[in-house]
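Below is one structure; the comments refer to it alone.
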Amino acid sequence: MYNRSTLFPAPSSDGPTGVYVIDPAHSTIGFSARHALASHVRGKFTAFEGILKLDGSRLTRSEAHFSVQTGSADTGLPERDAQVTGPGFLDSATFPLMSFRSSGILDAADHRFRLAGHLRVKDAELPLRIDLAFGGASRDALGRDHVGFAGAATLRRSGRGLGRNAALAAGGGLVSDELELILDICAVRWNQAVAD
């Protein structure tokens, strides 16, 4: 388990610095949407990659980039997966990648941060703010340095080409206009061995 207090203490040269690669085997990029006003449909993407460029002495100078294969959406139900990845929503056949690039980081204190950036979905680039909590830093038995963080962001579907909505008799839509993007990330320091 990560020790939150060791990741980014009060600014010093001791925090993790360098390029870290997201470890997909120990990370999750998921999503959630309210369905029929009664429950939430949750899913995740099974294929993604990304890098973190960390500045341990001044976190606000750090950067994050990741991309997701939209066709890898998994909600646990094949028929629903086909709808999510189909033309009405992500249209993965035409737009196989969704990507995020950061534009700034604000320190919210107590190891919490707001990561601002742009999410490219289909043919639109949308502003996105991700609220993050850093989980810590550690070194495994093989001498590899890890960092971890978890976060979430809210994205509105309306006007984004992310699916039409069927109206409910009680009001509202079958699928909520708001989608939640959920991140639980473990990243490993990039080194010469990984780079070949």
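The values are calculated or read from the model by the stated rules, or taken from the named source; none is laboratory data. Computed from a predicted model, the values in this text were never measured in an experiment. Counting neighbours? That spans all protein chains shown, and the Cβs are built from the backbone with ideal geometry, glycine included. Just so you know, the surface numbers come from the protein's heavy atoms only, side chains and all, with ligands and any DNA or RNA stripped out. Shrake-Rupley method; radii C 1.70, N 1.55, O 1.52, S 1.80 Å.
Which trypsin sites (Lys or Arg not before Pro) in the range 28-110 pass both tests, a DSSP loop state and at most 16 other beta-carbon atoms within 10 Å?
Values: sites: 34, 42, 44, 53, 58, 61, 80, 101; in loops: 58.
Those that pass, being in a loop and sparsely packed, are 58.
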TODO: Please give, to one decimal in nm, the separation of the simple spin-label points placed at residue 156 and residue 40, each 7 Å out from Cα toward the Cβ.
DONE: 2.1
TODO: Work out from phi, with θ = phi - 60° and the Karplus expression 6.51 cos²θ - 1.76 cosθ + 1.60, the ³J(HN,Hα) of each residue of the range 122-135, listed in order in whole Hz, and give x for Gly and Pro.
DONE: 6, 9, 10, 10, 10, x, 9, 10, 10, 7, 10, 10, 7, x
Task: Shape call, the range 36-101: gyration tensor on alpha carbons, a/c limit 1.5 - done: prolate
TODO: Determine how large the accessible area of residue 182 is when every protein chain is in place; take a 1.4 Å probe and give Å² rounded to the nearest 10.
DONE: 60
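Restrict the search to the range 35-84; then list the chymotrypsin sites (Phe, Trp or Tyr not before Pro) that DSSP places in a loop and that have at most 10 other Cβ atoms within 10 Å of their Cβ. List each step's numbers first, then the result.
Values: sites: 45, 48, 66; in loops: none.
Here no chymotrypsin sites (Phe, Trp or Tyr not before Pro) fit, given the DSSP loop and packing criteria.
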Open item on the list: Once you place label points 7 Å from the Cα toward the Cβ at residue 47 and residue 123, how far apart are they in nm?
Closed with: 2.3
Task: trypsin sites (Lys or Arg not before Pro) within the range 126-155: DSSP coil, no more than 14 neighbouring Cβ in 10 Å - done: 144
Task: Contour excess over end-to-end distance, with Cα ends at residue 112 and residue 65 and 0.36 nm allotted per residue - done: 15.1 nm
